[in-house]
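The values are calculated or read from the model by the stated rules, or taken from the named source; none is laboratory data. These numbers come from a predicted model, not from an experiment. Glycine also receives a Cβ, built like all others from the backbone with ideal geometry; neighbour counts cover every protein chain displayed.
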Amino acid sequence: MKKRFSIIISILLVLTMIITACGNGGGGPAEDTIKIGWIGSLTGDQAVWGTCESNTIKMLIEEVNANGGILGKKVEGIYYDTKGDAAEAVNATKRLASQDKVVAIIGPNASGQAIAISSVLEEYKVPDIATVATNPKVTVGDDGKVKEFNFRVCFIDPYQGAVAAGYAYDRLGLRKAAILYDVASDYSQGFTEFFEKTFTEKGGTIVAKEAFKEGDVEFKPQLSRIKDANPDLILMPYYYKEVALSANQARELGIDAVLMGGDGWPSEQLMTMAADAIEGSYIVNHLDFNDPEVKPLRDRYSAKYNLPMELNGYMAHDAFLLLKAAIEDAGAADPVKIAESLTKVSVEGVTGTIKLSPEDHNPIGKQAAIVKIENADYVFQEKYGVE
C-alpha cells in the first residue's frame, strides 16, 4: 500500500513538473512577457509626481503592446510605492528584482532613494534608470567609480547649480544671493553647493545661508535673517510644497528679491498654492513645457487621465524610450545585456537627445531650459548651458 502510494505521488510530481515546464518554458507565456518595474512616490508630498510617472509608463506600455510589444513580446509593468522613503525604495527594488524578476526598473525621481537602491541593483544585476534624481552619487560612488547598474536621464546637481548661478549672474545681473535649503535632502544640498561655488567664482556674494528640514512649515525666522542681508536673489533649491510655503512667507515679510529654483519646483500644485508669491521667479528646468514637440505627449496623457502632465511624466517618457531601445539593442530580455546597451543607444526624447556616457551614466550634453513664471504659467526663456 505504501509502495503504491509512493508511486502515485511520484507520478503526480512528474506531471506537475511537466505542466510547469509547459507553462514557463520554451514558448510559454512567461517567456513571452518582458517585465519592467517602476518605483516612486504614490503617497505623501511627492505623490503628484509619482502618480504622473507611473501613469505615463502605463500609457506607454499600452501603446507599445498595441504595436507588437518589444522583441515580439508583451510588456508588463509592475509598480511599487516608495512613500518618499529610502528604506521603502530599497524594499521595493528587492521585490522587483528577486520576486517579480523584472529586466529593468524606472525611477525613482528622488536622489536619496536612487542612491539607497544602488547595492540592491548590484546584488541582483538589474539596471535602473532614475528620472529626476540629480545628485552625482546616484550613478558614481564615493570612490569615483561608476555604478554599473545605475543610470539616469536628467542632468545633475553640479550642472543645475552652475546653470542657476550663471544665469543669475550673467543674464539677470544679480550680485547678492541668499540661500534657503533643506539639510535633509541630498538634492537640495547638492544644488546649494554648486550654486554657491559658481556664483562666488563669478564674483557674486552669498549674503545669507539658512537651513530648514523637510516637513517644516514655518520659515519666517530664517527669512527674517535673509531679509536683513538685503539680497537681490534667493535660491530655493527644494520641492514645490516647501517652495510655496516659504515664498508666501517671504512676500508676507516684504521681501521682493527674485526667487530661483530648479527641477523640484514645476508642478501645477505650486501654481495653486503660491501663484502670486512666485510671479517673476526663474526655474532651471529640463524642457520647455510649451514646445510644439512636447504637445503630442501632453495631449495623449491629458486625454487618457484628464490630468495635467507634470515634469516627471516627460522624464519617465524619455527613460522608457531609452530602455526600449536598450532592450532592442541587447536582443534579449537579459538585465546584464540591457545594462550594457544603455550606454550604446541614443534616442530623441521630449527633453532632448538622450545618450548616456559610459564614464558616469549621465546624459551627454543636455542643456537646461530656463523658465520664468508669468501669470501663473511656465514661460520658456532660453536654452542655457555651462561648460
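Pairs please, first residue from the range 218-232 and in contact (Cβ under 8 Å) with a residue 12 or more places away in the chain, second anywhere and among the basic types (Lys, Arg), Cβ atoms under 6 Å, 6+ apart in sequence or on different chains. Pairs that qualify, where the first residue is in contact (Cβ under 8 Å) with a residue 12 or more places away in the chain and the partner is among the basic types (Lys, Arg), are Pro231/Lys176; Asp232/Lys176.
Annotation: Ala162 fulfils all but one of (1) crowded, with 21+ Cβ neighbours inside 10 Å; (2) under 22 Å from Glu374 (Cα atoms); the unmet one is (2). Taking residues in the range 106-128 that are assigned to a strand (DSSP E or B), and partners anywhere that are modelled with pLDDT of 95 or more and of a type in the set (Asp, Glu), the pairs with Cβ atoms closer than 9 Å and at least 6 places apart or on different chains are Ile106/Glu53; Ile106/Asp128.
None of Tyr187, Tyr181, Tyr169 is assigned by TED's automatic domain parsing to the domain that holds Asp263, under 28 Å from Leu245 (Cα atoms), hydroxyl-bearing (Ser, Thr, Tyr) and in contact with a strand residue (DSSP E or B) (Cβ under 8 Å, 6 or more places away or on another chain) except Tyr181.
Ala133 satisfies every condition listed in (1) modelled with pLDDT under 95; (2) over 30 Å from Ala250 (Cα atoms); (3) among the aliphatic types (A, V, I, L, M) except (2).
When Trp265 is tested against the conditions (1) surrounded by fewer than 24 Cβ atoms within 10 Å (Cβ to Cβ); (2) part of a loop (DSSP other than H, G, I, E, B); (3) out of contact with any Leu (no Cβ under 8 Å at 6 or more places or on another chain), the lone failure is (1). For Glu201, are the conditions met, namely being more than 21 Å from Glu310 (Cβ to Cβ), not small (Gly, Ala, Ser) and not in a strand (DSSP E or B)? The answer is yes for Glu201. Against the test of being of a type in the set (A, V, I, L, M, F, W, C), more than 15 Å from Gln46 (Cβ to Cβ) and part of a loop (DSSP other than H, G, I, E, B), the options Val90, Val102 yield a single qualifying residue, Val102. When every residue of the range 273-288 is checked against the conditions, none turns out to be outside any helix (DSSP H, G or I), closer than 23 Å to Asn135 by Cα, among the small types (Gly, Ala, Ser) and free of Cβ contacts under 8 Å to residues at least 40 places away in the same chain. Apart from one condition, Gly144 fits all of (1) surrounded by fewer than 20 Cβ atoms within 10 Å (Cβ to Cβ); (2) among the small types (Gly, Ala, Ser); (3) touching a Phe, Trp or Tyr at 6+ places or on another chain (Cβ under 7 Å); the exception is (3). Of the residues in the range 306-315, at least one is under 24 Å from Gly112 (Cβ atoms), assigned by TED's automatic domain parsing to the domain that holds Met59 and outside any helix (DSSP H, G or I). Across the range 42-70, what is the total count of residues that are surrounded by 15 or more Cβ atoms within 10 Å (Cβ to Cβ), in a loop (DSSP other than H, G, I, E, B) and touching a strand residue (DSSP E or B) at 6+ places or on another chain (Cβ under 7 Å)? Counting residues in the range 42-70 that are surrounded by 15 or more Cβ atoms within 10 Å (Cβ to Cβ), in a loop (DSSP other than H, G, I, E, B) and touching a strand residue (DSSP E or B) at 6+ places or on another chain (Cβ under 7 Å) gives 2.
Each row is one residue, and each column tells you yes or no for (1) out of contact with any Leu (no Cβ under 7 Å at 6 or more places or on another chain); (2) farther than 19 Å from Asn91 by Cβ; (3) at pLDDT below 95.
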{"residue": "Ala104", "(1), (2), (3)": "no, no, no"}
{"residue": "Asn109", "(1), (2), (3)": "yes, no, yes"}
{"residue": "Ile117", "(1), (2), (3)": "yes, no, no"}
{"residue": "Tyr124", "(1), (2), (3)": "yes, no, no"}
{"residue": "Asp128", "(1), (2), (3)": "no, no, no"}
{"residue": "Thr139", "(1), (2), (3)": "yes, yes, no"}
{"residue": "Lys145", "(1), (2), (3)": "yes, yes, no"}
{"residue": "Glu148", "(1), (2), (3)": "yes, yes, no"}
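Return the residues of the range 206-241 that are touching a helix residue (DSSP H, G or I) at 6+ places or on another chain (Cβ under 6 Å), surrounded by 15 or more Cβ atoms within 10 Å (Cβ to Cβ) and in a helix (DSSP H, G or I); say none if nothing qualifies. Of everything in the range 206-241, those that are touching a helix residue (DSSP H, G or I) at 6+ places or on another chain (Cβ under 6 Å), surrounded by 15 or more Cβ atoms within 10 Å (Cβ to Cβ) and in a helix (DSSP H, G or I) turn out to be Leu223, Tyr240. Look at (1) surrounded by fewer than 20 Cβ atoms within 10 Å (Cβ to Cβ); (2) free of Cβ contacts under 8 Å to residues at least 60 places away in the same chain; (3) within 27 Å of Gly349 (Cα to Cα) and you find that Leu96 fails only one, number (1).
Among the residues of the range 190-205, what is the count of those that are in contact (Cβ under 8 Å) with a residue 60 or more places away in the chain and either surrounded by fewer than 19 Cβ atoms within 10 Å (Cβ to Cβ) or in contact with an Asp or Glu (Cβ under 8 Å, 6 or more places away or on another chain) (or both)? Adding up the residues that qualify gives 2.
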